[in-house]
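Peer 1: Okay, here's the structure, questions in a sec.
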Amino acid sequence: MTMNFNELPEFAKEFKRMTKKYKSLPDDLEEFKRVIAVEPLGNSKHFNIITKNDRCTVVKARLFCRYLKGSSLRIIYAFHSNDLRVDFIEIYYKGDKENENNERIKAHLNNL
């Protein structure tokens with residue numbers, strides 16, 4: 001069975017803005033999708049489970065960006081194991097923003 005990927009409108013807006021700054025980002029996200037299609041909760045120290053409930057698991061992960069040459073972005077996503085779905089919630093550069101937007105994560109969990 002294949003994994004389905006969805007984006008929150010806020011994520012799509014952030015991604016579009018960041019794509020202008022980091023040209024390799026679309027390809028980097030496709031590579032990231034291939035990784036989480038195989039191992040949805042991650043397989044290394046670069047994946048951190050933020051919260052878990054009976055419906056989904058919210059994970060914060062490092063998204064390697066070739067344009068940043070060694071630095072990486074952070075991506076927050078919700079993995080729904082029942083229907084093999086990943087909802088991308090947030091993407092940000094760690095140098096610009098220290099932590100994830102907890103309000104957005106809570107709003108997403110409440111909308112499920």
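Peer 1: Taking segment 1-30 as the search range and keeping residues that are under 22 Å from residue 100 (Cα atoms) and of a type in the set (Asp, Glu), which one is surrounded by the fewest Cβ atoms within 10 Å (Cβ to Cβ)?
Peer 2: 30
Peer 1: Residue 59 is checked against (1) without any contact (Cβ under 8 Å) to a residue 12 or more places away in the chain; (2) in contact with a strand residue (DSSP E or B) (Cβ under 9 Å, 6 or more places away or on another chain); (3) surrounded by 12 or more Cβ atoms within 10 Å (Cβ to Cβ) and fails just one. What number does that condition carry?
Peer 2: (1)
Peer 1: If you take the residues in segment 66-84 that are closer than 17 Å to residue 12 by Cα and either touching a residue at least 40 places away in the same chain (Cβ under 8 Å) or touching a helix residue (DSSP H, G or I) at 6+ places or on another chain (Cβ under 7 Å) (or both), which one is surrounded by the most Cβ atoms within 10 Å (Cβ to Cβ)?
Peer 2: 77
Peer 1: To continue, here is another question. For residue 44, all conditions in the list (1) outside any helix (DSSP H, G or I); (2) surrounded by 13 or more Cβ atoms within 10 Å (Cβ to Cβ); (3) of a type in the set (S, T, N, Q); (4) without any contact (Cβ under 8 Å) to a residue 40 or more places away in the chain hold save one; what is the number of the exception?
Peer 2: Residue 44 satisfies all of (1) outside any helix (DSSP H, G or I); (2) surrounded by 13 or more Cβ atoms within 10 Å (Cβ to Cβ); (3) of a type in the set (S, T, N, Q); (4) without any contact (Cβ under 8 Å) to a residue 40 or more places away in the chain except (2).
Peer 1: Answer with yes or no whether residue 104 is surrounded by fewer than 17 Cβ atoms within 10 Å (Cβ to Cβ), at pLDDT 90 or above and touching a helix residue (DSSP H, G or I) at 6+ places or on another chain (Cβ under 7 Å).
Peer 2: yes
Peer 1: Can residue 53 be described as touching a residue at least 24 places away in the same chain (Cβ under 8 Å) and more than 15 Å from residue 15 (Cα to Cα)?
Peer 2: yes
Peer 1: Taking the options 77, 67, name whichever one is among the aromatic types (Phe, Trp, Tyr) and part of a strand (DSSP E or B).
Peer 2: 77
The values are calculated or read from the model by the stated rules, or taken from the named source; none is laboratory data. Quantities reported herein were computed from a predicted structural model and do not represent experimental measurements. Note: ideal-geometry Cβ built from the backbone for every residue, glycine included; neighbour counts use all protein chains shown.
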